[in-house]
1. Filtering segment A:42-60 down to residues that are within 14 Å of chain B (Cβ to nearest Cβ) and either surrounded by fewer than 15 Cβ atoms within 10 Å (Cβ to Cβ) or aromatic (Phe, Trp, Tyr) (or both), which residue is nearest to B:ARG64 (Cα to Cα)?
2. Of the residues that make up segment B:133-152, is at least one free of Cβ contacts under 8 Å to residues at least 24 places away in the same chain, outside the structural domain of B:PHE396 (by TED's automatic domain parsing) and within 17 Å of the chain's Cα centre (by Cα)?
3. With the checklist (1) within 30 Å of A:GLU52 (Cα to Cα); (2) out of contact with any Leu (no Cβ under 9 Å at 6 or more places or on another chain); (3) in contact (Cβ under 8 Å) with a residue 60 or more places away in the chain; (4) not polar (S, T, N, Q) in hand, flag the one item B:ALA86 doesn't pass.
4. Given the options B:SER124, B:SER93, name the one that is over 30 Å from B:ARG242 (Cβ atoms), among the small types (Gly, Ala, Ser) and surrounded by fewer than 17 Cβ atoms within 10 Å (Cβ to Cβ).
5. Would you please list the contacts, defined by Cβ atoms under 7 Å and residues six or more apart or on different chains, that run from a residue in segment A:55-78 that is over 21 Å from B:ARG128 (Cβ atoms) to a residue that is of a type in the set (Asp, Glu)?
6. Could you list all residues from segment B:345-403 that are in contact with a His (Cβ under 7 Å, 6 or more places away or on another chain) and in a helix (DSSP H, G or I)?
7. Out of (1) crowded, with 18+ Cβ neighbours inside 10 Å; (2) more than 12 Å from chain B (Cβ to nearest Cβ); (3) more than 17 Å from B:ARG128 (Cβ to Cβ), the odd one out for A:ILE14 is which?
8. For segment B:380-408, give me the residue count where each residue is touching a strand residue (DSSP E or B) at 6+ places or on another chain (Cβ under 9 Å) and either of a type in the set (Gly, Ala, Ser) or over 30 Å from B:SER106 (Cα atoms) (or both).
Amino acid sequence: MATREEITSGLAEILEEVAGVNPEDVAEEKSFTDDLDVDSLSMVEVVVAAEEKFGVKIPDNEVQNLKTVGDAVSFIEANH
Amino acid sequence: MSVTDVVVTGLGATTPLGGDVASTWDAMLAGRSGVTPLTAEWAEQLTVRIAGQLAVDPSEVIDRVRMRKLDRSEAIALIAAKQAWADSGLEGSGLDPERLAVSFGSGIGGAVTLLNQDDILEASGPRRVSPHTVPMLMPNGPAAWIGIDLQARAGVHSMASACATGSEALSLALDIIRSGRADVVVAGGTEAVIHPLPLAGFASMRAMSTRNDEPEKASRPWDKGRDGFVMGEGSGALVLERYDHAVARGARIYARLAGAGITSDGFDIVQPDPDCKGGIRAMTKAIQDAGLTGADIAHVNAHATSTPAGDMGEIKGIRAAVGDHPVITSTKSMSGHLLGAAGALESIATILAIRDSVVPPTINLDDPDDRLDLDVAAHKARPLEIAAAMNNSFGFGGHNVALVFTRV
């Protein structure tokens with residue numbers, strides 16, 4: 001089981017690869033769209049990459065609830 | 001000059017000869033070829049293993065994250081357009097975005113994205129297909145990205161007329177400014193389809209040169225030894241502006257786009273009319289539109305792609321529409337054939353020929369076709385005072401576009 005820190009760090013790697021986000025800017029309270037400038041299409045890429053990395057299925061109707069990095073960490077922690 | 005005259009105030013390009021206009025033009029005047037071997041593994045099985053590959057890869061100019069969202073044809077269109085924009089001096093000039101339009105096309109569009117994503121679909125399934133696929137492959141993508149980058153709000157237009165696309169985009173830009181719909185239009189063409197499928201498709205038509213052992217000699221318009229065109233990739237962009245608008249802001253003016261002529265053959269999907277009837281009508285219309293006569297045209301940058309079937313018809317056409325006096329050239333002998341970008345790049349060459357009083361050479365014209373009875377600037381650039389010059393572009397489907405540029 002990955003810790004919240006490990007999941008956050010994994011998401012930071014994905015966000016850097018897909019959207020050019022500086023890993024140092026990635027923290028649980030940050031909003032994907034408002035703080036990290038991840039556009040809607042790039043968010044789809046983040047979700048698909050996270051599914052592969054953490055072995056989870058993130059349904060499309062769940063994605064809209066993942067506003068912050070912390071939301072995504074909690075979902076992955078609870079479902080992987 | 002009247003207020004509805006249209007002038008060229010900015011140029012941009014990234015081509016097999018250079019990453020910008022200056023390096024591309026220098027290479028043309030020096031008679032250098034941009035055609036090189038295709039060294040990728042996929043090329044080994046092809047009958048055509050040469051192409052005019054970009055001198056500067058777009059990934060050297062645009063950052064990695066942005067490149068993920070751009071088809072190569074879109075990336076290089078943005079590079080050329082931003083060069084032209086910077087060159088025009090309009091950057092930060094306070095131009096009303098609602099007076100700025102874009103007219104930019106591609107012959108084939110985002111085919112490489114389509115093919116690459118199909119590979120992903122086959123190998124990994126539909127969920128792995130990039131969400132950027134559609135905006136990367138849509139044919140209006142290059143024009144749309146330019147419009148977003150420059151915040152153009154007077155309309156973004158996408159031409160598609162095969163190898164006449166770049167010139168038709170300039171013709172539309174001329175119409176837009178003349179009609180009063182915009183003061184400035186960023187116009188041009190882009191193409192980037194060096195991929196086994198388009199290469200195999202053109203090769204299956206027997207339209208391409210297979211002179212794989214001598215890449216720099218493969219594109220040889222009007223030469224007896226010509227055996228087809230050489231595919232090139234690249235983009236050319238021009239800033240067209242209403243004359244009085246350019247004068248009011250003290251802009252540097254390269255030339256005037258004085259006239260355009262567009263016709264269609266209604267003849268065959270790929271074969272040009274052997275008598276060049278559609279081409280003659282396009283050239284005649286362009287000269288008339290410019291208020292000139294054939295005698296005024298000192299130089300023609302010909303479409304001449306180095307195919308056995310296509311090159312000689314245009315010679316007849318130039319004789320009929322312009323006369324036997326112009327000094328002609330085919331810069332495709334150096335750049336290869338940039339398909340939808342050809343008309344834009346060759347318009348840039350035509351404009352710079354006027355500016356610098358020199359006709360760029362047609363290289364590889366070692367043994368001219370017996371029917372070549374016009375004066376070609378063979379092998380070496382030719383000094384020539386040029387008050388007016390023409391650029392011809394013809395495309396699969398029977399599209400004919402002629403543009404006339406004049407010295408200001």
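1. We begin by selecting, within segment A:42-60, every residue within 14 Å of chain B (Cβ to nearest Cβ); these are A:42-53, A:56-60.
Of the ones still in play, those that are also either surrounded by fewer than 15 Cβ atoms within 10 Å (Cβ to Cβ) or aromatic (Phe, Trp, Tyr) (or both) are A:52, A:57, A:59-60.
Numbers: A:GLU52: 22, A:LYS57: 28, A:PRO59: 29, A:ASP60: 27 Å.
Here the answer is A:GLU52.
2. For segment B:133-152, residues free of Cβ contacts under 8 Å to residues at least 24 places away in the same chain, outside the structural domain of B:PHE396 (by TED's automatic domain parsing) and within 17 Å of the chain's Cα centre (by Cα): present.
3. Here B:ALA86 meets the rest and fails (1).
4. Details: B:SER93 fails: over 30 Å from B:ARG242 (Cβ atoms).
Exactly one residue qualifies, and that residue is B:SER124.
5. A:ASN65/A:ASP71; A:THR68/A:GLU28; A:THR68/A:GLU29; A:VAL69/A:GLU28; A:GLY70/A:GLU28; A:GLY70/A:GLU29; A:VAL73/A:GLU28
6. Within segment B:345-403, just B:ALA353 meets the criteria.
7. Only one criterion is unmet by A:ILE14, namely (3).
8. So the answer is 12.
The values are calculated or read from the model by the stated rules, or taken from the named source; none is laboratory data. Keep in mind that what you see is a predicted model, and the values were worked out from it rather than measured. Note that we place each Cβ from the backbone using ideal geometry, even for glycine, and neighbour counts take in every protein chain shown.
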